[in-house]
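> What follows is a structure written as structure tokens; I'll ask about it next.
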Amino acid sequence: MERRELFSFLSSSLKGEEYKEKDKIIRPPYYKDINAFDTECINCDGKCATLCQEQIIIIGEDKTPRLDFSKSGCTYCDDCATACELGVLNIEDKRMIDAGIRINESTCMSWDGVMCFSCKDPCLEDAIDFKAMFMPTIDQDKCTACGFCISRCPSSAIKIKVISS
């Protein structure tokens, strides 16, 4: 295999992996059966999205709700579960959002020596710690994956990854 072929192969592999990651869906945190989104939500008018205080629930083309953290985060207010008439979302099934949040150190401005606390300020659980004055890290034991830090990052260094679905 020539060098050019190797780099082409590696590049296409990485692109494919990124595509798969984007395909994963983050659901509202009040479900018991993940399959109910596909079977029940197609019969609904999306009231959960309408009543979401933070407007982070969007209804996809498949008529199922998903979370979009590009503008805000989840307060775990229970409104989406209260609005769900088909029983897909229930307050009794409240859980943490099935995702992990991480900071990409290579694109984070603080890790590059710029004083920035944009991610720490909106964190309701105080889950973002700084080593010295710079270098933010996420304490996974405290993080609720609410997503408020994601839209606040000026360098888009904070990413969310689906844990299970």
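The values are calculated or read from the model by the stated rules, or taken from the named source; none is laboratory data. Keep in mind it's a predicted model, so treat the numbers as computed, not measured. Every residue, glycine as well, gets a Cβ built from its backbone with ideal geometry; the counts of neighbours run over all protein chains shown.
> Would you confirm, using the coordinates I've provided, whether D112 is modelled with pLDDT under 95, surrounded by 13 or more Cβ atoms within 10 Å (Cβ to Cβ) and not hydrophobic (A, V, I, L, M, F, W, C)? I'd like the intermediate steps shown before the answer.
On the way: modelled with pLDDT under 95: yes; surrounded by 13 or more Cβ atoms within 10 Å (Cβ to Cβ): yes; not hydrophobic (A, V, I, L, M, F, W, C): yes.
For D112, the condition - modelled with pLDDT under 95, surrounded by 13 or more Cβ atoms within 10 Å (Cβ to Cβ) and not hydrophobic (A, V, I, L, M, F, W, C) - is met.
> Show the residue pairs that are 6+ apart or on different chains and have beta-carbon atoms under 7 Å apart, the first residue being within region 52-68 and acidic (D, E), the second being in a strand (DSSP E or B).
Pairs found: D68/I58.
> Go through the residues of region 83-92 one by one and say whether even a single one is of a type in the set (G, A, S) and not assigned by TED's automatic domain parsing to the domain that holds D141.
Step one: of region 83-92, the residues of a type in the set (G, A, S) are 83, 87.
Cutting the leftovers down to not assigned by TED's automatic domain parsing to the domain that holds D141 gives us 83, 87.
Scanning region 83-92 turns up at least one residue that is of a type in the set (G, A, S) and not assigned by TED's automatic domain parsing to the domain that holds D141.
> Okay, moving on. For T144, all conditions in the list (1) under 14 Å from the mean Cα position of the chain (by Cα); (2) surrounded by fewer than 17 Cβ atoms within 10 Å (Cβ to Cβ); (3) among the polar types (S, T, N, Q) hold save one; what is the number of the exception?
If we test T144 against (1) under 14 Å from the mean Cα position of the chain (by Cα); (2) surrounded by fewer than 17 Cβ atoms within 10 Å (Cβ to Cβ); (3) among the polar types (S, T, N, Q), just (2) comes out false.
> Quick one: I25 ticks every box in (1) at pLDDT 95 or above; (2) in contact with a strand residue (DSSP E or B) (Cβ under 6 Å, 6 or more places away or on another chain); (3) not in a helix (DSSP H, G or I) bar one, so which box is it?
Evaluating I25 over (1) at pLDDT 95 or above; (2) in contact with a strand residue (DSSP E or B) (Cβ under 6 Å, 6 or more places away or on another chain); (3) not in a helix (DSSP H, G or I) leaves (1) as the failure.
> Suppose we keep only residues that are out of contact with any Pro (no Cβ under 7 Å at 6 or more places or on another chain) and closer than 19 Å to N90 by Cβ within region 64-73. Which one would you say is surrounded by the most Cβ atoms within 10 Å (Cβ to Cβ)?
It comes out as T64.
> Moving on. Restricting attention to region 78-112, report how many residues are within 23 Å of D33 (Cα to Cα) and either hydroxyl-bearing (S, T, Y) or in a loop (DSSP other than H, G, I, E, B) (or both).
Qualifying residue count for the region: 13.
> Just to be sure I understand, how many residues within region 147-165 are closer than 15 Å to T107 by Cβ and either among the hydrophobic types (A, V, I, L, M, F, W, C) or surrounded by 13 or more Cβ atoms within 10 Å (Cβ to Cβ) (or both)?
The first filter runs over region 147-165 and keeps only residues closer than 15 Å to T107 by Cβ, leaving 149-150, 152-160.
Now narrow it down to the ones that are either among the hydrophobic types (A, V, I, L, M, F, W, C) or surrounded by 13 or more Cβ atoms within 10 Å (Cβ to Cβ) (or both): 149-150, 152-153, 155, 157-160.
Within region 147-165, residues that are closer than 15 Å to T107 by Cβ and either among the hydrophobic types (A, V, I, L, M, F, W, C) or surrounded by 13 or more Cβ atoms within 10 Å (Cβ to Cβ) (or both) number 9.
> Name the residue, out of D78, D121, that is of a type in the set (D, E, K, R) and either modelled with pLDDT of 95 or more or surrounded by 14 or more Cβ atoms within 10 Å (Cβ to Cβ) (or both). Break it down into steps so the answer makes sense when it comes.
Details: D121 fails: either modelled with pLDDT of 95 or more or surrounded by 14 or more Cβ atoms within 10 Å (Cβ to Cβ) (or both).
Unique residue meeting the criteria: D78.
> Among (1) out of contact with any helix residue (DSSP H, G or I) (no Cβ under 6 Å at 6 or more places or on another chain); (2) within 19 Å of I163 (Cα to Cα), which single condition is P65 missing?
The one condition P65 does not meet is (1).
Results for (1) in the same structural domain as D45 (by TED's automatic domain parsing); (2) in a strand (DSSP E or B); (3) in contact with a helix residue (DSSP H, G or I) (Cβ under 6 Å, 6 or more places away or on another chain); (4) among the hydrophobic types (A, V, I, L, M, F, W, C), shown as yes or no for each residue.
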{"position": "K71", "(1), (2), (3), (4)": "yes, no, yes, no"}
{"position": "Y76", "(1), (2), (3), (4)": "yes, no, no, no"}
{"position": "V114", "(1), (2), (3), (4)": "no, no, no, yes"}
{"position": "D126", "(1), (2), (3), (4)": "no, no, no, no"}
{"position": "D129", "(1), (2), (3), (4)": "no, yes, no, no"}
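> Assess whether T50 counts as being surrounded by fewer than 17 Cβ atoms within 10 Å (Cβ to Cβ), modelled with pLDDT of 95 or more and under 17 Å from A99 (Cα atoms). Walk me through it before giving the result.
Details: surrounded by fewer than 17 Cβ atoms within 10 Å (Cβ to Cβ): yes; modelled with pLDDT of 95 or more: yes; under 17 Å from A99 (Cα atoms): no.
Against the criterion (surrounded by fewer than 17 Cβ atoms within 10 Å (Cβ to Cβ), modelled with pLDDT of 95 or more and under 17 Å from A99 (Cα atoms)), T50 does not qualify.
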